[in-house]
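Everything on this sheet refers to the single structure shown next.
The values are calculated or read from the model by the stated rules, or taken from the named source; none is laboratory data. All values derive from a computational prediction rather than experimental measurement. Ideal geometry is used to build each Cβ from the backbone, glycine not excepted, and the neighbour counts take in all protein chains shown. The area values use the complete protein model at the heavy-atom level, side chains included, leaving out ligands, DNA and RNA. Shrake-Rupley method; radii C 1.70, N 1.55, O 1.52, S 1.80 Å.
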Amino acid sequence: MVRRVAVVGAGASGLAATKCCLDEGLEPTCFEQSEDIGGLWRYTDQAEEGRASIYRTVFTNSCKEMMCYPDFPFPDDHPNYIHNARLQQYIRKYAKHFDLLRHIQLKTLVTKIKKRPDFSVTGQWEVVTQRDGKEETTVFDAVMVCSGHHVYPNLPLADFPGIQKFKGCYFHSREYKEPEKFRGKKVLVIGLGNSGSDIAVELSTVASQVYLSSRSGSWVMSRVWEKGYPWDMLIVTRFRAWLENILPTALSDWLYVRTMNRFKHENFGLMPLNRASRKEPVFNDDLPSRIACGVVVIKPNVKEFRETSVLFQDGTVQDDVDVVIFATGYTHAYPFMEDESIIKNRDNEVTLYKGILPPRLEKPTMAVIGLILSLGPIIPTADLQSRWAVKVFQGRCMVTCQAQVYFLFGNGTTLQMDYITYMDELASAIGVKPNMPKLLLTDPRLALEIFFGPCTPYQFRLMGPGKWSRARDAILTQWDRTLR
């Protein structure tokens, strides 16, 4: 029987995992190497080794109704998009409300996780931790890895000939904190993702010129969507997911492109090479206007660096570049795993059953939480993944076929799962998916809001094991909180 569970990391996913263990009567111990909880969302003035790092002005890309813990809504008076400092406060309140802090060991680094010699029988793990220079080994019945995917920067200098002779300054976006030191500089940002776009827009207010280089373009979405409502409350709906599933591929792709191409991307040099790709879009309300104002100039991929200039693939040369910021994403590493083959990471590609379980383990007693990405928020995803994983640990949810795996983060792009399809898959397995036929008969108002309205996290705490008594009310009042 699984009883003691090690949780690696006390970020948003690690706290969800810890709470889900407690809900099921397990005994979690959460190890966090830094001095506080919050993970990615805990801002520090300097990037710290071994943990995620954000810049001062980071806001969420998902709105508060879509990204909250499913049984702990944001306060009514919070704005729809949350600054990192306010989100950190919310995470602390969540931990305090559910009494999670006493299960967390801060300033404790997990240095090694290895199978016990009798693993094939017991499924147990030895977890080696380090605190204040002292090493300790503890046996756990299961492990939940919640260390995130914004820790180890991907700096592909080999792909950029001449970078060694470039006389300016260059660094990964992980090191970027605020714009003032770049006042009056010419800055090249490489990478058209969320970080690259945010940094380019922010620097355009102080730099003499910003260039934003992209290999393949990207859809750029506004957080503020039709009639001023949050984008995800209008787009991430069961009705829309159902429509995309029943339409022919060509029609579904046309609908997707029409939704995304709200301004003519080709006119701004932003059009994705693969227009119908469901790759994660960029969320930036200001980038098109910054381009229109000429303070951000979109450039193709870099062909070569020179001492003070940059040659681009289209043959254009930009002289007198002072700074290059590589917003080139992250690699995925699990240095604490003694057997690296357990969580396979080849060519930055991780293979996991249901996006959670390392395949081919003799006993399914390890889960990776919060690694998968979809066009949906990570907090409710991590919550549902944790509930599913705990049921698997307890043998209440059978793992029938470990050949069905997801390949995540292959070839530098992110495999985007359809959020609702993925969440429903996990929810069905543990008996918490909303029963639409039953609701239509017993509570038609709620059923219509669930189907046509946003797929908010409360839907997965409405019925079944772990249901929350206020879920119905939260769903029916979600637009009121959005307007507030």
**Prompt:** In region 129-197, which trypsin sites (Lys or Arg not before Pro) are in a loop and have at most 11 other Cβ atoms within 10 Å, using DSSP for the loop call?
**Reply:** 167, 183
**Complete:** Rounded to whole Å, √(5λ) for the Cα gyration tensor eigenvalues of region 1-87, largest first, gives 25, 20, 8
**Which of 378, 435, 34, positive extreme of dipole for the chain (C-beta unit charges)** = 435
**Prompt:** Amide H to amide H, which residues 5 or more places from residue 211 or on other chains are under 5 Å from it, using H placed in the peptide plane?
**Reply:** 187, 188, 189, 297
**Message:** What does the extension gain come out to for residue 92 and residue 180, with contour length at 0.36 nm per residue minus their alpha carbon separation?
**Reply:** 28.7 nm
**Item:** Spatial separation of Cα centroids for region 442-461 and region 120-199, in angstrom
**Value:** 38
**Request:** Provide the per residue accessible area, probe 1.4 Å, for region 96-218, rounded to a whole number of square angstrom.
**Result:** 48
**Message:** Here is the link list: 96/391; 279/354; 185/303; 107/185; 93/467; 19/354. Which ones come out longer than 31 Å on Cα distance?
**Reply:** 107/185
**Request:** For every other residue with a beta carbon closer than 13 angstrom to the beta carbon of residue 322, add +1 if it is Lys or Arg and -1 if Asp or Glu, then tell me the sum.
**Result:** +2
**Selected from 342, 332, 263, residue furthest toward positive end of dipole (region 222-356; charges at beta carbon)** = 263
**Message:** Compute the helix-to-body angle for 194-203: its Cα long axis versus the longest principal axis of the chain, expressed 0 to 90° and rounded to tens.
**Reply:** 40
**Message:** Test of understanding: what is the full-extension gain from residue 445 to residue 56, defined as 0.36 nm times their sequence separation minus their Cα-Cα distance?
**Reply:** 135.8 nm
**Message:** Restricting to Cα atoms and excluding each atom paired with itself, what does the Kirkwood estimate give for the chain in Å?
**Reply:** 23.7
**Fill in**
Phi-derived 3J(HN,Hα) across region 471-484 with the Karplus relation (6.51, -1.76, 1.60, θ = phi - 60°), rounded Hz, x for Gly and Pro, is 5, 4, 5, 4, 5, 6, 10, 5, 6, 4, 5, 5, 5, 4
**Message:** At 7 Å along Cα-to-Cβ for each site, give me the label-to-label distance between residue 105 and residue 333 in nm.
**Reply:** 2.4
**Request:** Looking at the chain, send over the antiparallel percent of its DSSP beta bridges, to the nearest 5.
**Result:** 50
**Request:** Kindly state, to the nearest 0.05, the FRET efficiency for residue 319 paired with residue 1, given R0 = 56 Å and r defined as their beta-carbon distance.
**Result:** 0.25
**Prompt:** What per residue convex hull volume, in Å³, comes out for region 94-212 when only alpha-carbon positions are used?
**Reply:** 227
**Prompt:** What spacing in nm lies between the two simple spin-label points modelled at residue 135 and residue 245, each 7 Å away from Cα in the Cβ direction?
**Reply:** 5.0
**Fill in**
Spelling it out for residue 303: with amide H atoms placed in the peptide plane at 1.01 Å from N, the residues 5 or more places away or on another chain with amide H under 5 Å from its amide H are 311, 312, 313
**Request:** Report ³J(HN,Hα) in whole Hz for each residue of region 140-154, in order, from the Karplus equation J = 6.51 cos²θ - 1.76 cosθ + 1.60 where θ = phi - 60°; Gly and Pro get x.
**Result:** 10, 7, 7, 9, 10, 8, 10, 8, x, 9, 10, 10, 9, x, 9
**Degrees between helix 84-97 axis and first principal axis of the chain (Cα, 0 to 90, nearest 10)** = 10
**residue 360 versus residue 76: modelled label distance in nm, points set 7 Å from Cα along the beta carbon direction** = 5.5
**Prompt:** Which value at 222 nm does the chain reach when only helices count, each DSSP H run of 4 or more adding -39,500 (n - 2.57), with the total divided by all residues and rounded to the nearest 500 deg cm²/dmol?
**Reply:** -7500 deg cm²/dmol
**Message:** If you fit an axis through the alpha-carbon atoms of helix 419-430 and take the longest principal axis of the Cα set of the chain, what angle between them do you get, 0 to 90°, nearest 10?
**Reply:** 10
**Item:** Fraction of alpha-carbon pairs over 22 Å apart in region 71-148 - percent
**Value:** 47
**Message:** Highest mean first, how do 91-102, 327-338 rank when packing is the count of other Cβ atoms within 10 Å averaged over residues?
**Reply:** 327-338, 91-102
**Message:** Out of all DSSP beta bridges in region 208-332, what portion is antiparallel? Express it as a percent rounded to 5.
**Reply:** 50
**Message:** I'd like the antiparallel share, as a percent to the nearest 5, of DSSP beta bridges with both residues in region 91-240.
**Reply:** 75
**Request:** Would you kindly state how much longer the chain becomes between residue 341 and residue 49 on full extension, computed as 0.36 nm times their sequence separation minus their alpha carbon distance, in nm to one decimal?
**Result:** 102.7 nm
**Message:** Can you work out the Karplus-derived ³J(HN,Hα) for every residue in region 219-228? Use 6.51 cos²θ - 1.76 cosθ + 1.60 with θ = phi - 60°, whole Hz, and x for glycine or proline.
**Reply:** 6, 10, 10, 9, 5, 8, 9, 4, 6, x
**Asked** When the accessible area of region 35-150 is computed with all protein chains present and a 1.4 Å probe, what percentage of it is carbon and sulfur?
**Response** 46
**Complete:** Residues meeting the amide H criterion for residue 328 (H placed from the backbone, H to H distance under 5 Å, 5 or more places apart or on another chain) are 173
